[in-house]
1. ³J(HN,Hα) across the stretch 416-432 via Karplus (A = 6.51, B = -1.76, C = 1.60, θ = phi - 60°), whole Hz, x for Gly/Pro?
2. Starting from the Cα of residue 343, step 7 Å along the direction of its Cβ; do the same at residue 470; then give the gap between the two resulting points in nm.
3. With labels modelled as points extended 7 Å from the Cα through the Cβ direction, what inter-label distance (nm, one decimal) is found for residue 259 paired with residue 314?
4. Whose amide H sits under 5 Å from the amide H of residue 266, counting only residues 5 or more places off or on another chain, with H placed in the peptide plane?
5. Would you kindly state how much longer the chain becomes between residue 208 and residue 47 on full extension, computed as 0.36 nm times their sequence separation minus their alpha carbon distance, in nm to one decimal?
6. How high is the FRET efficiency between residue 374 and residue 171 when r is their beta carbon distance and R₀ equals 35 Å, given to the nearest 0.05?
7. Scan around residue 81 for amide H atoms under 5 Å from its own, H built in the peptide plane at 1.01 Å from N, and keep only partners 5 or more places away or cross-chain.
Amino acid sequence: MEKTSENTTENSSGRKWLGLFAILTAMIMNILDSTIVNVAAPSIQADLGGTESSLQWIAASYTLALAVGLLTGGRLGDKYGRRRMMLLGAAGFLAASIACALAWSPGVLVAARVAQGLFGAVMIPQAFGLIRDLFPPREIGKAFGALGPVIGLSTIAGPIVAGALVDADILGTGWRMVFLINLPLAAFTLLAGRAALPTAGTRRAMRLDGVGAVLAGAGMFLLVYPLVQGRELGWPSWLAAVAAGSVVALALFVRRQVRRKRAGETPLVELSVLAKRSYTSGVGFVIVFFGSIVGFSLTTGFLLQLGMGHSPVRASLMMAPWAVGAFLGSGFGAAMMGKMGRRILHLGLSLMGAGLVGVYAVLRGAGDGGPGAWELAGPFLVYGFGMGMIFVPLFDIIMGEIRDHEVGSASGLLESFQQMGSSLGVAVLGTVFFSAVGARPATGEFVNASEHVTLITLGLTALAFALGFLLPRRARETGHAGPAAVEEPEGAAEAVREREPALI
């Protein structure tokens, strides 16, 4: 009763909207730092040096660390309190952003990006649960209704703002300003969050599985490392042993989760979800889908800047139709998911395929100077619209056959696979791109490399189309699209696992 009274007092003071703004700001920071490298990477390389592999690691290290951290991030909120973990994550994210801005070598920047990802994994999973704590049932719909437009607009504006900041070279900061912009955002999250986020909320006594998290992280890293470094190292035979080590580490992780479950301890992952064909097919879909779009986005940025010599802001403006299409498509997807169910995924993938065919045609017909902005605008818009249609319904459809007590674990694991897919996309498509460019690149070689990547992305889109037929036809009736996903009793903390919207 005391907690209810405390929440009522806090919420009636009007500070709940300030708390929501703090949460939204934290989510925007995560989106920005997932996309800024697509624009800033060439400028970073020009300043710090490094190889093509360094560019891939700067992008992949954040998503890889986020994937590993998400396995435990939500449980930290359950154990120590969501408000505390949100503020701790924001403070760490601020410090890591400063470290990124001060980096003097590619290796230091990659290490700072890993720290960003880990603190992001502490901060972001608390968001949806805190919104539920802030708002009474009659108002929670309004709060969740603000998420889509704010996050969608930040997805569109993020790369453009990043390009403008790099070009502006404020006080000689150049690319470093894309990380320094996090300082006022993180400061606002800390100050507003401390003032407005609720301290009440259920905490659970549990033992966190640190060993399991290390095994999962080792397995993911050992899988990505050969893909990123292989071309630069000349594909030595020992990389096969590294890849095999990934299988061993992940097998040990699964074994440990089974043992913890049998011993009555809390596992990081509810392995029963992997016994469902629809869910495992959804995992494959997520890896292929996000890997293709993130890898394609990154290599397109390389073409426009490294290959065609465009400034960061011009490159980001050339890719703006893609982001606008994604924003419009997400609105369409949200409106139609209830009527169309799984069919909306196939419609979106069909549009993505049509957009990729258009991009390939433009690249094939481009002259020595590469494609023009208006030539790419139409295909990018179509591709982005199809991509956006999938974002909103995807997770709910994949979760269609998951039981209530499995929702939290299944959702958290799916998010980790999403970030893992992003890292693999950067590794695989980045390697294909730079292998096709060759040792003495000119614009023609970059265009040819983009043709290769576009065809591979088209193939991955077709694979996702096929996997889509194995997914449930409809979303969960109490899925993540709505604020009141699951009833409170058994497994309540997991069932409302706070999942960020699946936006690039």
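Each reported figure results from applying straightforward, stated rules to the coordinates on display, with no laboratory input. Note that the structure is a prediction, hence the values are computed from the model and not measured. Cβ coordinates were reconstructed from backbone atoms using ideal geometry, including for glycine residues, and neighbour counts include every protein chain displayed.
1. Values per residue, Gly and Pro as x: 4, 5, 4, 5, 5, x, 4, 5, 5, x, 4, 5, 6, 6, x, 5, 4 Hz.
2. 2.4
3. Output for this residue pair reads 5.9 nm.
4. Under 5 Å from the amide H of residue 266: 207.
5. 53.8 nm
6. The value I calculate is 0.50.
7. Here nothing satisfies the definition.
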